[in-house]
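Asker: What follows is a structure written as structure tokens; I'll ask about it next.
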Amino acid sequence: MQNGIKSRFQQQHQQFQFQSQSTVALGNNSRRATRPLLLQLQRLRTRSNLSKIPMRIKSTSTNASASVRNKSTTPYSGMTSTSSARTSVSISSYTNLQESIHRILLKPRRIPIPRWITPKQKAFNFSECFGHVSFFLVAVSYAVDDFLVLRIIAVAGSSAMLVFTYFHPHGRALWLPFKWNALFIGINAYRIGKTLYYKHKGLNLGEEMTKIKREYFDVMDIQDYAQLVDIAIEETFEKGDIVCHQGQRNPFVRLVIEGELDAFRDGIRTYSLEQGNFVTEAGLHAGLLLDGTIETSCTIVAKDEKKNRCLRWNRTELVELVKRESGLRRAFKAILTWDIVRKLKGQRHAITDHKIADPELWTMKRKEQTEDRYAAIIQNVLTSNRDAENMKKRTSELDHYRTIHHIDDVHHELALKKIGWTLEEYHAGMKKA
């Protein structure tokens, strides 16, 4: 019987070769006729291998028994199969969800426009709508002034763009804009979270700090004010306590929040500091963001019988914060400028109210104090700025400071001479060996 099958197989094979040769000659129309012959040929090949089937069944049964033995001897095999099954189920469910969202977003839809308006039918899909919403929100964000609202709109627009780029109408995800928009969402989300965090802290600072914010920091946003207070340390002084000495290197900037302080130049009181006044700000109002230490031009003494309290900032930390936050820097500069005006008004009232015994001596000491303060500022600038570009920027800021405080070229050269520099060295930006 097996020999008969082989001979029949050979006949069918020869017939198939003949039909294939004739197919090449006749063309594509005769190819359909060879399909039954191919099916018969496959059946004959299957029947010719029937003698090998029992051996395969035997080997399969042997492998099955071996796998059963392995399962009985391996304790965690059941757990592995269960976890792999769960993983495959989760993957399949995620794939089904993705496909269903893909079908919903990319399904063509028509706008029901009456034919008397236009005979053309307008088609759209939800993915395109997400793209249009994204660009619309970006346009709206350009017209918003509020920092927080702008970033929230930017996050919403980038999120809509994520949907559009992942479920794109062409059927393939656009990974390049998808990744960039994901990065933009992360950056804006961080800034939004930071703003909301400090805004919450600012609204819960307490009645005293809220009052100081309302009276002296009104131009500053609440979140910026909270950052400013967050890095400050509160100090308390009794009457007669010395806050800082004349000629001492001082690394701090202070704000009086309670009581009153007196400033003395060589034992002569030049002015008083009340609530809301800054102490040893040294050019911050003119844009001179000087870090490190600056020599104090007078001695500050606590005056009030009750508590004299101050907020103290490390100058370097304060300058870093002001450089980092542009909105805080603009508001802080305006607050310090108004503080200078209040100090000058206080000095004028001291003269008109006859609180100064010797006005000429007082004027001389106040002038010396101004020149000493300017010399300390120049010393900080010349010793901490080695870069030529940075030195050029500092020189421009010093010129602005000189204009505000009426420091002419003569006093400028005297201040340089006091710290051991010449005018030529100052313009060159470096000291000769």
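Asker: Suppose we keep only residues that are loosely packed, with under 13 Cβ neighbours inside 10 Å and more than 22 Å from the chain's Cα centre (by Cα) within the range 137-172. Which one would you say is modelled with the lowest pLDDT?
Answerer: For the range 137-172, the residue satisfying everything is Gly171.
Asker: Restricting to the range 222-249, name every residue that is surrounded by fewer than 21 Cβ atoms within 10 Å (Cβ to Cβ) and among the charged types (D, E, K, R).
Answerer: Within the range 222-249, Asp230, Glu234, Glu235, Glu238, Lys239, Asp241, Arg249 qualify.
Asker: Condition test on Lys199, is it in a helix (DSSP H, G or I) and either of a type outside the set (Val, Ile, Thr) or at pLDDT below 95 (or both)? Give the steps one after another, and end with the answer.
Answerer: Values: in a helix (DSSP H, G or I): yes; either of a type outside the set (Val, Ile, Thr) or at pLDDT below 95 (or both): yes.
Answer is yes for this residue.
Asker: So is Leu311 among the hydrophobic types (A, V, I, L, M, F, W, C), touching a Leu at 6+ places or on another chain (Cβ under 7 Å) and touching a residue at least 12 places away in the same chain (Cβ under 8 Å) or not? Before the answer, list the steps.
Answerer: Numbers: among the hydrophobic types (A, V, I, L, M, F, W, C): yes; touching a Leu at 6+ places or on another chain (Cβ under 7 Å): yes; touching a residue at least 12 places away in the same chain (Cβ under 8 Å): yes.
Yes; evaluated as a whole, the condition is true for this residue.
Asker: Filter the range 183-206 down to the residues that are touching a residue at least 12 places away in the same chain (Cβ under 8 Å), among the hydrophobic types (A, V, I, L, M, F, W, C) and out of contact with any Ser or Thr (no Cβ under 8 Å at 6 or more places or on another chain) and list them by number.
Answerer: Of everything in the range 183-206, those that are touching a residue at least 12 places away in the same chain (Cβ under 8 Å), among the hydrophobic types (A, V, I, L, M, F, W, C) and out of contact with any Ser or Thr (no Cβ under 8 Å at 6 or more places or on another chain) turn out to be Ala189, Ile192, Leu196, Leu203, Leu205.
Asker: Give the residue, chosen from Phe217, Phe252, Phe184, Phe264, that is assigned by TED's automatic domain parsing to the domain that holds Thr293, under 28 Å from Arg324 (Cα atoms), surrounded by 12 or more Cβ atoms within 10 Å (Cβ to Cβ) and of a type outside the set (Asp, Glu).
Answerer: Details: Phe217 fails: assigned by TED's automatic domain parsing to the domain that holds Thr293; Phe184 fails: assigned by TED's automatic domain parsing to the domain that holds Thr293; Phe264 fails: under 28 Å from Arg324 (Cα atoms).
It is Phe252.
Asker: Look through Asp358, Asp387, Asp408 and report the one residue that is loosely packed, with under 11 Cβ neighbours inside 10 Å and either under 17 Å from Asp291 (Cβ atoms) or not assigned by TED's automatic domain parsing to the domain that holds Leu344 (or both).
Answerer: Sole residue among the options that is loosely packed, with under 11 Cβ neighbours inside 10 Å and either under 17 Å from Asp291 (Cβ atoms) or not assigned by TED's automatic domain parsing to the domain that holds Leu344 (or both): Asp387.
Asker: Filter the range 411-428 down to the residues that are at positive phi and surrounded by 17 or more Cβ atoms within 10 Å (Cβ to Cβ) and list them by number. Lay out the reasoning, then the answer.
Answerer: Start the filter on the range 411-428 by keeping residues that are at positive phi, which leaves 420.
Selection gives nothing.
Asker: Exactly one condition in (1) surrounded by fewer than 22 Cβ atoms within 10 Å (Cβ to Cβ); (2) touching a helix residue (DSSP H, G or I) at 6+ places or on another chain (Cβ under 8 Å) is not met by Lys306; state its number.
Answerer: Only one criterion is unmet by Lys306, namely (2).
Asker: Would you call Lys211 free of Cβ contacts under 8 Å to residues at least 60 places away in the same chain and either buried (at least 21 other Cβ atoms within 10 Å of the Cβ) or over 30 Å from the mean Cα position of the chain (by Cα) (or both)? So that I can check it myself, show each step before the final result.
Answerer: On the way: free of Cβ contacts under 8 Å to residues at least 60 places away in the same chain: yes; either buried (at least 21 other Cβ atoms within 10 Å of the Cβ) or over 30 Å from the mean Cα position of the chain (by Cα) (or both): yes.
Criteria met by Lys211.
Asker: List the residue pairs whose Cβ atoms are under 6 Å apart, where the first residue sits in the range 94-112 and is surrounded by 10 or more Cβ atoms within 10 Å (Cβ to Cβ), the second is among the small types (Gly, Ala, Ser) and modelled with pLDDT of 80 or more, and the two are 6 or more positions apart or on different chains.
Answerer: As it stands, the answer is Leu105/Ser127; Leu106/Ser127, since those pairs meet every condition given.
The values are calculated or read from the model by the stated rules, or taken from the named source; none is laboratory data. Here the structure is a predicted model, which is why all the values come from computation and not from measurement. Positions of Cβ are generated from backbone atoms using ideal geometry, with glycine treated the same way; all protein chains shown enter the neighbour counts.
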